[in-house]
Structure formats: C-alpha cells, structure tokens
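Structure, as structure tokens:
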Amino acid sequence: MFNNITFAYPWVLYLLLIIPLLIAWYIFRGMKSQSSVTYSSLQIFKDVPSTLREKIRHIPTSLRLIAIVLLIVALARPQNFSSGENISTEGIDISMVLDISGSMLAEDLKPNRLEAAKNVIDKFIEGRISDRIGLVVFARDAFTQCPLTIDYSVLRNLLLDIKSGMIEDGTAIGNAIANGVNRLKDSDAKSRIIILLTDGVNNSGEVDPVSAAEIAATFGIRVYTIGVGTQGVAPYPVQTPFGVQYQDMPVEIDEGILKEISQMTGGRYFRATDNEKLVQVYSEIDKMEKSKVDVRQYKVREERFLIPAAAAFLLVILEILLRNILLRNLT
C-alpha cells in the first residue's frame, strides 16, 4: 500500500518539527504544575495502589500528538502512483508449408534437408511473440499438422514429430498451397502469409500450383517460396541389402513455378543451397513480416490523504471520550 508514495505538498511535512516542541512543553507544564509538599518519609505511600485514571493520564495527550502528526501528513497530500503499459498488437497469421517427400532426406544440408528445415523453422517460431502459426506438411498430398495457434510449445512439439514417409511420396505443391490458403482465408489478421519450402517439382495433387497461387492472391495472402538444395547433385541415402548406400541424385527444383507463385501473391522467392543460407532466408522473412506492437505507458495517481485524515479524526474522538469520561475528575 505504501509503495511509490509521494506528496503533492512535501513542504507541509516541515510542520512535524513542532511535535518535539509540543512534547517538551507538555513535560515542562507537568513538572511546573506538580504540588510541592514536604514529607519526612515517603514510606507511608509505598503501598498505595495507582488508580486506572492515573495510569492512563498521559494517553489523551499522546493521542492528540499522533492526531496532529497524521493531520500534517494528510495536509501534505500523500499520493500513490501505479504505472504500467498498454500493449496492442497487430498480429500476423503464418502457415508454414513444409515438403516432407523422400528427396528431403538428401544430405547436401546437414544432417539432411528435412531436419535442417525443421531446425530453422523451430528457431523462427521461437522468435515470434503474438502471431498465430500453423503447420502444413505435404508430399503426394497435403494435410494440416497443426492449425493456427499461439501455443508455440505444442506447435514446436508437432514440428519435432514430422518425418519423411508420413505421406505417400510425391510433390503436390498446388495442394500444399491450397491447404495453407484454406487455413488463412477466414483470418482477420492484418497480414496473412504462407512460407512454402520444397526441394522438387510439382508432380502430384489435384490442384495446379499457379491456380492455387491465384486463389491465394484473391484472398490477399502472400506466399514466400523457398527452394532448398545445392546446385547440381546431392548425396541421397538409399537402403540396400548391404545397408545404407549414398547415391548422387540430381537436384531438380522448379524455380520458375516458385518464382511465379511468389510474384503473383506479392511474396518473394529464395534459394537455400546450404544450412547458412537457409537460416538467412528465414531471418529475412522474419524481418519483413514482423507484428506491429504499440506500447503505451500510463501512470495512475491515487490520493491517500483520506487514510491519515480519518485516523486523526478517530484519535481526536477517542481523546475527547477519555478526557470527558475516564479522566474528567483529574486536573
């Protein structure tokens, strides 16, 4: 209750200096008013008990002095200030669309393309504050691994569970975009984006990638596309009777389609040929698509003078009652 207490008129507190003077005057007056009678011995009074009124005769004056102190404090107008921040955000809804086809196991990125992408996406999610993020995975078809959410711990756990082979092999880029659009189209966020990562060429699905991009553009959804994979060939693990063998497989990314998708929707196309470039890609998207956060500081003043004023009033009433009831016969 007494945190952040200030006084509107702190100079009034100098009046407290009169309290020691009043105490000194009270002691001096008490000594002066004592009767002067000489006795040969005080032994005759040693067994005379003190009355209740004699024991409490100083209490009224003490109450009056405390009341004066409280009244001076009240006149100085004690105030309590509480401060805080009003934070308003304009969030972004993001659909992370991730290729989990078999070619994502190629090891031109370490430990492989899929795990490298998962690690970078995890860091991307960790850096967001108030944005809703969903997760779509695709191969021959696409499905929602996690709907839009701000529960990032759940989202990151579901991201961790993603493995190649969850869906029949293939690359359905059009279906993936359509699934992402379906999750975002009813959103009222100020910005809605899809971040699509793939390492291949559309060869599956019922929806053409360009048609899916047109639908996204209709709903005002930007699509950022990322082609992941080195130039030329990449080592790909192949299971054989003699264990896992590596074969160099050609890297085939339909950059033309990915560029067209991003241009149609107002997004951008990126190429990530190694882990470092993949990190840079998501970092750049993160900077471009930041939530708008407005922070307004406020300070609330609350008057506290009523508390000491009321206490002073009660003490004065108590003093009057003591003087006129218990001590009325004392001089």
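The values are calculated or read from the model by the stated rules, or taken from the named source; none is laboratory data. Owing to the predicted nature of the structure, the values given are computational and were not obtained by experimental measurement. Glycine gets a Cβ as well: all are built from the backbone with ideal geometry, and neighbour counts include every protein chain shown.
Of everything listed in (1) assigned to a helix (DSSP H, G or I); (2) touching a Gly at 6+ places or on another chain (Cβ under 8 Å), the single unmet condition for Ser283 is (2). Scanning the range 235-268 for residues that are touching a strand residue (DSSP E or B) at 6+ places or on another chain (Cβ under 9 Å), assigned to a helix (DSSP H, G or I) and not charged (D, E, K, R) yields Ile257, Leu258, Ile261, Ser262, Gln263, Met264, Thr265.
Filtered by the rule that a residue be of a type in the set (A, V, I, L, M) and under 24 Å from Gly220 (Cα atoms), the range 238-262 gives Ile257, Leu258, Ile261. Counted as qualifying within the range 1-96 are the helices (runs of 4 or more DSSP H) with 2 or more residues that are modelled with pLDDT of 70 or more and more than 30 Å from Ser130 (Cα to Cα), namely 18-32, 59-75. For the range 97-118, the set of residues classified as in contact with a helix residue (DSSP H, G or I) (Cβ under 8 Å, 6 or more places away or on another chain) and not in a loop (DSSP other than H, G, I, E, B) consists of Val97, Leu98, Asp99, Ser103, Met104, Leu105, Arg113, Leu114, Ala116, Ala117, Lys118, listed by residue number.
Residue check: Asn182 meets all listed conditions (1) without any contact (Cβ under 8 Å) to a residue 24 or more places away in the chain; (2) under 18 Å from Asp141 (Cα atoms); (3) out of contact with any strand residue (DSSP E or B) (no Cβ under 9 Å at 6 or more places or on another chain) but one, namely (3). Consider Ala189 carefully, then state whether it is under 20 Å from the mean Cα position of the chain (by Cα), on the phi < 0 side of the Ramachandran plot and of a type in the set (A, V, I, L, M). Here the answer is yes, as Ala189 does meet what is asked.
Would a scan of the range 267-282 turn up a residue that is at pLDDT below 85 and farther than 20 Å from Ile100 by Cβ?
Taking every residue of the range 267-282 in turn, none turns out to be at pLDDT below 85 and farther than 20 Å from Ile100 by Cβ.
Restricting Leu105, Leu114, Leu155 to residues that are in contact with a Cys (Cβ under 7 Å, 6 or more places away or on another chain), at pLDDT 95 or above and farther than 17 Å from Arg192 by Cα narrows the list to Leu155.
Residues are listed down the side, and each one gets a yes or a no for (1) closer than 24 Å to Ser262 by Cβ; (2) among the β-branched types (Val, Ile, Thr):
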position: Ala106; (1), (2): yes, no
position: Arg113; (1), (2): yes, no
position: Ile121; (1), (2): yes, yes
position: Phe138; (1), (2): yes, no
position: Asn157; (1), (2): no, no
position: Leu160; (1), (2): no, no
position: Lys163; (1), (2): no, no
position: Lys185; (1), (2): yes, no
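Those residues that are farther than 12 Å from Asp93 by Cα and of a type in the set (Val, Ile, Thr), I need them from the range 169-186; list them, please. Once the filter is applied, which keeps residues that are farther than 12 Å from Asp93 by Cα and of a type in the set (Val, Ile, Thr), the range 169-186 yields Thr171, Ile173, Ile177.
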